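A short reminder: the numbers here are calculations on the coordinates, not readings from a lab. In this text the structure is predicted, and so the values were computed from the model without any measurement. Glycine also receives a Cβ, built like all others from the backbone with ideal geometry; neighbour counts cover every protein chain displayed.
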Amino acid sequence: MSQQFDVCIRGDGVVGRTLALLLARERLKVALVAPPSPAHPGDVRAYAINSASRSLLESLRVWPEAPFVTPVRSMQVWGSGSGSDTPLDFSAQSVAQPALAWIVEVSSLEQRLSEAVRFQSHIDVVTAPVKAALQVVCEGKKSTSRREFGASWDVRPYAQSAVAVRLASSQPHHGVARQWFKNGEVLALLPLSGADGHAVALVWSVATERADALLNMLPDDFCAALQADCGDGPGQLSLSSPRASWPLSLSNAERWIGPGWALAGDAAHTVHPLAGQGLNLGLADAAALSQVLAQREYWRGLGDERLLRRYERQRKADVAAMGAVTDGLHGLFAHTDTRLQAVRQWGMAGFARSGPLKTWVMRQAMGRPTDAQTST
């Protein structure tokens, strides 16, 4: 190909497309590698998007509209037992925000990004990597390009898999997300289809052996097992999609950058999904890398290793902190000893009464660590 490109982005997922749009906005010529792949019309994933990520997507005019985005007005968390116990409650109103997060349909967000890419003259979609001053790998955790650039990949499996499915409830969710930590498992029900919808997305982190069993259960048996863990609080639940599963791990690339290349998103790091921060971390990577490139000295090239190291230093620290939090929570709640469960419940009760500490943690998760800015 004779055309000259400034940046070649390998991977056209949400992070790759977002980065392409950010760089094109800076008048850089971008090649976005989108290998031919089969469509996934039955995708059951849903993303939890925080305020910082929403602001980023809105700035690119790719934020989906209702009912494909659902505000989380509050979140209830149980440390053990069923939904009949008193939960730890997080409310958006308590921190003067319209929502704690927004649950976004995968297909809707990808469609909006694809349309924006198609109409951006500074982006060319290609089917294979092309020569450019900077190669950015956004291929996900199964990236094949990391080895090409000599980036080692450290993986620590959790011996767990996530089971995901869409469910219909007998009652509206009213924008309430629910999460249970029980017997070493993490069960989350995320609201879908608008503020008064009856649809929820399940993400259930269980031992790999149990995940296989849950996938093979008859629909009624699966729902019975689910209701046994979450109780009747969310209403009576029934399947509305096929089930999907994938293994969980804490993963990190030892190096995120080198001369003429950088990693971003799941190609650089993965964390446990219990905090719902995986995509937010990837979008923050895209924002940070685009900013570093836009603010470079006029005499530095896009692939300058010292320039790219600014991005690596900034993002590695934030990702390591989130990885430590999610890994610590997983380790804490993975124990099934009843004595430790009692200590956990005592600690959660104290946290619920902590006031400023609870507010600080909420703002960190929302991507607004200091301000009280609101958006609609």
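May I ask you to derive the FRET efficiency for ALA52 and ALA294 from their Cβ-Cβ distance with R0 = 22 Å, giving the value to the nearest 0.05? Walk me through the intermediate numbers first.
Working: r = 18 Å, r/R0 = 0.81.
E(calc), rounded to 0.05, equals 0.80.
Counting only aspartates and glutamates at least 8 places from LYS131 when in the same chain, those with an alpha carbon closer than 18 Å to its own are ASP6, ASP12, GLU139, GLU148, ASP304, GLU305.
Applying both filters, DSSP loop and at most 13 other Cβ atoms within 10 Å, to the trypsin sites (Lys or Arg not before Pro) of region 62-147 gives LYS131, LYS142.
For the pair ALA321 and GLU305, label points projected 7 Å from Cα toward Cβ lie 2.8 nm apart.
Relative to the present Cα-Cα distance, how much length would full extension add between GLU115 and GLU209 at 0.36 nm per residue of separation?
Numbers: separation 94, 0.36 × 94 = 33.84 nm, distance 4.04 nm.
Stretched fully, the GLU115-GLU209 segment lengthens by 29.8 nm.
When the label point is put 7 Å from the Cα of LEU239 along its Cα-to-beta-carbon vector, which residues of region 151-174 have a backbone N closer than 13 Å? Correct set: 164-168. With a cut-off of at most 15 other beta carbons within 10 Å, and DSSP calling the residue loop, which chymotrypsin sites (Phe, Trp or Tyr not before Pro) in region 104-169 qualify? Please list them. Taking region 104-169 and a limit of 15 other Cβ atoms within 10 Å, the loop chymotrypsin sites (Phe, Trp or Tyr not before Pro) found are PHE119.
For region 89-174, the spread of Cα positions along the three principal axes, ordered from largest to smallest, is 53, 42, 30 Å.
For the pair LYS142 and SER108, what calculated FRET efficiency results from E = 1/(1 + (r/R0)^6), where r is the Cβ-Cβ distance and R0 = 22 Å, to the nearest 0.05? Present the calculation step by step, with values, prior to reporting the outcome.
Working: r = 24 Å, r/R0 = 1.09.
For SER108 and LYS142, the calculated efficiency is 0.35.
Loop-located chymotrypsin sites (Phe, Trp or Tyr not before Pro) in region 201-299 (DSSP state not H, G, I, E or B) with no more than 11 neighbouring Cβ atoms inside 10 Å: TYR298, TRP299.
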